[in-house]
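Accompanying notes for the structure given below.
The values are calculated or read from the model by the stated rules, or taken from the named source; none is laboratory data. Keep in mind that what you see is a predicted model, and the values were worked out from it rather than measured. Quick reminder, even Gly has a Cβ in these numbers, built from the backbone with ideal geometry, and neighbours come from all protein chains shown.
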Amino acid sequence: MSDEKRVTREGIHIDRDVAEAVAIEEDLDSNVVGPYRFPDPERRRVPAYIYGAVAVAVALTIDPLPALLPAGAALWHIVGTWRLVVRQEEALSVAAGAIDFPVGHASAAVGFRGWRSRPQWSVIIYSAAEPPDRRALVIVDGVTGDAVEAPYVEHLPAP
């Protein structure tokens with residue numbers, strides 16, 4: 001193995017030949033470039049259709065009472081599904097507007113809150129100073145695009 005540095009500030013690099021030889025999954029392959037879209041949580045409705053079909057089959061062939069369990073699971077999947085309307089770029093824009101310092105690096109991750117799993121973006125923003133002197137966490141609702149609460153801002157110590 002060469003002494004060439006494999007981990008840099010940009011991350012871990014895996015040569016294309018090695019990635020193809022060991023069949024690295026696409027989401028772990030550093031050679032795949034392009035925009036990434038978080039899958040819409042509305043895909044959770046697919047199990048609802050399956051549970052619904054099972055409930056109908058059980059109700060017609062066995063008895064309506066045992067069909068309540070898969071019917072309840074189907075209802076849970078339908079009720080607990082929100083459409084992710086706000087995309088990552090929009091969440092970053094909303095978060096940048098919620099803070100009072102120039103934006104440098106930023107990162108967003110989607111999470112889910114509450115018993116119905118409402119999607120929300122957690123956006124971390126660093127100031128444009130070099131090195132950054134402040135960072136903020138802004139929570140953006142994934143359905144309405146509003147900042148959920150006041151941003152948490154902290155000052156970073158000088159190196």
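Observations on the model:
Okay, residues lined up against (1) of a type in the set (Phe, Trp, Tyr); (2) over 30 Å from Ala129 (Cα atoms):
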| site | (1), (2) |
| --- | --- |
| Asp40 | no, yes |
| Val46 | no, yes |
| Tyr51 | yes, yes |
| Leu65 | no, yes |
| Leu68 | no, yes |
| Glu89 | no, no |
| Ala95 | no, no |
| Ile99 | no, no |
| Gly104 | no, no |
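- Residue among Val140, Val123 that is touching a Phe, Trp or Tyr at 6+ places or on another chain (Cβ under 7 Å), assigned to a strand (DSSP E or B) and not charged (D, E, K, R): Val140
Yes/no matrix, rows are residues, columns are (1) more than 30 Å from Ala55 (Cβ to Cβ); (2) within 20 Å of the chain's Cα centre (by Cα):
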position	(1), (2)
Ser93	yes, yes
Gly97	yes, no
Val110	yes, yes
Arg113	no, yes
Pro131	yes, no
Gly142	no, yes
Pro151	yes, yes
Pro159	yes, no
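- The residues on offer are Ala53, Ala48, Ala98, Ala73, and the sole one that is more than 15 Å from Val143 (Cα to Cα) and in contact with a Phe, Trp or Tyr (Cβ under 6 Å, 6 or more places away or on another chain) is Ala73.
- Glu90 vs. criteria among the charged types (D, E, K, R), surrounded by fewer than 19 Cβ atoms within 10 Å (Cβ to Cβ) and either closer than 23 Å to Pro41 by Cα or touching a residue at least 60 places away in the same chain (Cβ under 8 Å) (or both): yes
- Residues (surrounded by 10 or more Cβ atoms within 10 Å (Cβ to Cβ) and modelled with pLDDT under 90) located in the stretch 150-159: Leu156
- Pairs linking a residue in the stretch 71-82 that is among the aromatic types (Phe, Trp, Tyr) to a residue that is assigned to a loop (DSSP other than H, G, I, E, B), with Cβ atoms under 6 Å and 6 or more positions apart or on different chains, are Trp82/Val143.
- The set of residues from the stretch 141-157 being touching a residue at least 40 places away in the same chain (Cβ under 8 Å) and touching an Asp or Glu at 6+ places or on another chain (Cβ under 7 Å) comprises just one member, Gly145.
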